[in-house]
Amino acid sequence: MGYRGDVYNIFLIAHVITAITAFGPLFVYPALRRAGETATLAKLHMRIVFPSLAVLWVLGMGLAGLSDGLIKVADLWISLSIVVWAILMVVSWFLIRPSIHGGGPRETSMLSAGIGITHLGLVVGLYLMVFTPGF
Ligand code: HEM
């Protein structure tokens, strides 16, 4: 048990797999966008990316909890990653979800903004996880 124990490492593997399912679909978005498949894109996002992000957070908090007090929510890299995560959840719901039934130019431009922010969130999230600033 504890930091780098078996349970911790299993949580870490699950966290990384969930990061892959949360961000993997992003690589298909440009092709879907070019094909005008905005509703398919929004559905993929809400069915795979959104729930994956929810699980990603739960497992991340689990890791902090299992770390024997070594990793705290108040740590810069953890608190910033929670902020990034919260932004991605809000962006998913309010900018991407409205395109689920297609929609007009307004929905499509919200979708584009949402996708851009999500890509940025992935890069910032990975930076925080790997460089762990302040740790
Ligand atoms: C925002 C998107 C996120 C991505 C892409 C992501 C990805 C990753 C990756 C790839 C690792 C493995 C890195 C390593 O161990 O060197 C990792 C570790 C970890 N993540 Fe995340 N994560 C994200 C969000 C979060 C959140 C929101 C939390 C906390 C609530 C969190 C907590 C942790 C912890 C505690 C570790 C373990 C670090 C270690 O033991 O070295 N992550 N994450």
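Step by step: first the residues of the range 51-60, then only those that are surrounded by 16 or more Cβ atoms within 10 Å (Cβ to Cβ) and near the ligand (Cβ under 9 Å from one of its atoms), then the one that is nearest to the chain's Cα centre (by Cα). Which residue is that?
So the residue we want is LEU53.
May I ask you to list the residues in the range 52-101 that are assigned to a helix (DSSP H, G or I) and in contact (Cβ under 8 Å) with a residue 60 or more places away in the chain?
Of everything in the range 52-101, those that are assigned to a helix (DSSP H, G or I) and in contact (Cβ under 8 Å) with a residue 60 or more places away in the chain turn out to be LEU66, SER99, ILE100, HIS101.
Restricting to the range 102-135, count the residues that are away from the ligand (no atom under 16 Å from the Cβ), closer than 18 Å to VAL90 by Cβ and hydroxyl-bearing (Ser, Thr, Tyr).
2
From SER92, SER81, SER112, which residue is over 13 Å from the mean Cα position of the chain (by Cα) and either of a type in the set (Ser, Thr, Tyr) or surrounded by 19 or more Cβ atoms within 10 Å (Cβ to Cβ) (or both)?
Going through SER92, SER81, SER112 in turn, the sole match is SER112.
Can you name every residue in the range 43-79 that is in contact with a Gly (Cβ under 8 Å, 6 or more places away or on another chain) and of a type in the set (Phe, Trp, Tyr)?
The answer is TRP77, and nothing else.
What's the total number of residues in the range 1-31 that are under 25 Å from LYS43 (Cβ atoms) and hydroxyl-bearing (Ser, Thr, Tyr)?
3
If only one of LEU41, LEU63 is more than 15 Å from the ligand (Cβ to nearest atom) and crowded, with 16+ Cβ neighbours inside 10 Å, which one is it?
That would be LEU41, the only listed residue that is more than 15 Å from the ligand (Cβ to nearest atom) and crowded, with 16+ Cβ neighbours inside 10 Å.
If you check every pair at least six apart or on different chains, which have Cβ atoms under 7 Å apart with a residue in the range 1-21 that is more than 20 Å from VAL84 (Cα to Cα) and in contact (Cβ under 8 Å) with a residue 60 or more places away in the chain first and a residue that is more than 10 Å from the ligand (Cβ to nearest atom) and not basic (Lys, Arg) second?
MET1/VAL7; GLY2/ASP68; TYR3/ASP68
Within the range 66-77, which residues are surrounded by fewer than 16 Cβ atoms within 10 Å (Cβ to Cβ) and near the ligand (Cβ under 9 Å from one of its atoms)?
LEU70, VAL73
It is to be established whether one or more residues within the range 32-43 are touching a Phe, Trp or Tyr at 6+ places or on another chain (Cβ under 9 Å), modelled with pLDDT of 95 or more and not aromatic (Phe, Trp, Tyr).
Looking for residues that are touching a Phe, Trp or Tyr at 6+ places or on another chain (Cβ under 9 Å), modelled with pLDDT of 95 or more and not aromatic (Phe, Trp, Tyr), one finds at least one in the range 32-43, hence yes.
The values are calculated or read from the model by the stated rules, or taken from the named source; none is laboratory data. The structure displayed is predicted, hence computed values, not measured ones. Note: ideal-geometry Cβ built from the backbone for every residue, glycine included; neighbour counts use all protein chains shown.
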